[in-house]
1. Calculate the radius of gyration of the Cα atoms of the chain to one decimal place, then report Dmax, the largest Cα-Cα distance, as a whole number, both in Å.
2. May I ask you to list, by number, the DSSP H helices of the chain whose Cα span along the axis is at least 15 Å and whose average Kyte-Doolittle hydropathy reaches 0.0 or more?
3. Once R0 is set to 22 Å, what does the formula 1/(1 + (r/R0)^6) return for the Cβ-Cβ distance between V224 and N131, expressed as a FRET efficiency to the nearest 0.05?
4. Mind checking the dipole of the range 5-75: about its Cα centre, +1 per Lys or Arg Cβ, -1 per Asp or Glu Cβ, Debye to the nearest 20?
5. Take the alpha-carbon centre of the range 298-312, take the same for the range 60-86, and report the distance between them in whole Å.
6. Within the chain, what percent of beta bridges assigned by DSSP are antiparallel, to the nearest 5?
7. Quick one: H185, H317, H8, fewest Cβ neighbours within 10 Å first, how do they rank?
8. Report the one residue of C44, H19, L5 whose Cα lies farthest in the direction of the positive end of the charge dipole of the range 5-75 (charges on C-beta: Lys and Arg +1, Asp and Glu -1; origin at the Cα centre).
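Computed from the coordinates by the stated procedures, all read-outs in this text should not be read as laboratory data. Owing to the predicted nature of the structure, the values given are computational and were not obtained by experimental measurement. We place every Cβ from the backbone using ideal geometry, glycine too, and count neighbours over all the protein chains shown.
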Amino acid sequence: MQEPLKQHLIDPEICIRCHACVEACPVEAISFNDDNVVVDAKICNQGLSCMGPCPTGAIDSWRVVTQPYSLEEQLGWFELPEQAEIAVSTEGSDADTDGVDDVIAALLNEAHQGAGGQAKAPASASKPEVNLYSTKNPIKATIQGNFRLTAEDADSDVRHIIVNLGTGKFPVLEGQTVGIIPPGHDANGRPHQPRLYSVSSPRDGERPSTNNLSLTVKREELGVCSNYICDLARGDEVTLTGPFGSTFLIPQDPQAKLIMVCTGTGSAPFRAFTMHRQRVMPDVNGTMKLFFGARTPESLPYFGPLGKVPQEFLEKHFAFSRIKDQPKTYVQNRLLQDAAAIAPMLSDPNTYIYVCGLKAMETGVESAFQDIASEIGLNWLDIRDVMRDGGRYHVETY
Ligand SMILES: Cc1cc2nc3c(=O)[nH]c(=O)nc-3n(C[C@H](O)[C@H](O)[C@H](O)COP(=O)(O)OP(=O)(O)OC[C@H]3O[C@@H](n4cnc5c(N)ncnc54)[C@H](O)[C@@H]3O)c2cc1C
């Protein structure tokens, strides 16, 4: 049976048929007729050049498939098909949900592909435990807290969820993800697949030496798992798989300088990174920069607590794109504003770059690093290769 792959598609309901993506695609994988704009899975190399120019976000549509949708099928769509249950080879197994963890692994792999190649863990990172719990063998935990992080009138509902693991063994490192299995069944009567969420607490828990972890979850309209999690109350039981991820990890070396770039819930691992460093190396100043984008301060998760972290410990650069009477500012604009400080860091072997959040942010961030590098006569793609091979360039977008 064919391995599942994440197929790039265009949402016909959101697309305004401006064809900016058609021009942006360097391999000519995107074409159109009078009805729809479509992506040829045989040609698309998922280079993501088409993401930036799309004004609506319709371009950022994906389905995990074993048989890619043909151009003819896509041209006939009025809406995207629902994500189908993926049948993965179940040879030698007896459970309906076998293969689901392979799909999770494929999603995680895909989320890390923006690094431009095979990501590696930082040499000094702690060794992570992975795949301790699967859909066949999950772990039960209890909700300890559920707090809204964004203002009540903000356009997004992002929540800080604390999960108490009781006496269960669930060791996580900052930067890892966990699977949450929503209860119930999908339209085909199969148990729901787990969804991935980044851990936003440090390895030793929300408070030192507590066997709990936190997640940063955004409620997606009509989303099965995000609504389930955002509605959980203190004391409710939740089912976890994982931990997952063995490369997007923090270096333990105090000399390591971190440039962290995020939007929305992409802040989750960076909350964990910051808290970990505050606990283990509180006197190491001037080594962490955070570039954080949101529409407004009210919709930026952890805006209040972040303000309390001293600037010399964590240098914060916020970018807001929807403040009345102010120009729209995105993380890439903030990176460029800090170019004089970032440029020398690009050739410093102690620099580590992490990008986390919406897939659509990658193009702008990459192009900002390209501009910063070329200003000092360097080629960003060469630098990125060196950094990635040394476990110093990390992308996790979804
Ligand atoms: C590596 C990784 C890390 C991640 N980390 C985080 C994290 O830290 N925090 C976080 O919040 N998310 C994170 N995610 C995303 C998360 O895994 C889920 O994809 C997300 O919460 C949506 O899941 P869902 O079950 O709510 O939506 P699903 O039910 O899977 O739906 C997917 C999308 O389709 C839309 N949809 C569903 N049904 C309909 C319908 N009938 N009509 C129209 N639209 C519909 C939903 O709005 C949603 O946007 C991560 C993903 C990856 C790959």
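1. 20.9, 62
2. Those that clear 15 Å and a mean of 0.0 are 100-111.
3. 0.45
4. Computed about the Cα centre, the dipole is about 280 debye.
5. 40
6. Percentage antiparallel, nearest 5: 60.
7. Ranked by crowding around the Cβ, least crowded first: H185, H317, H8.
8. So the residue furthest toward the plus end is L5.
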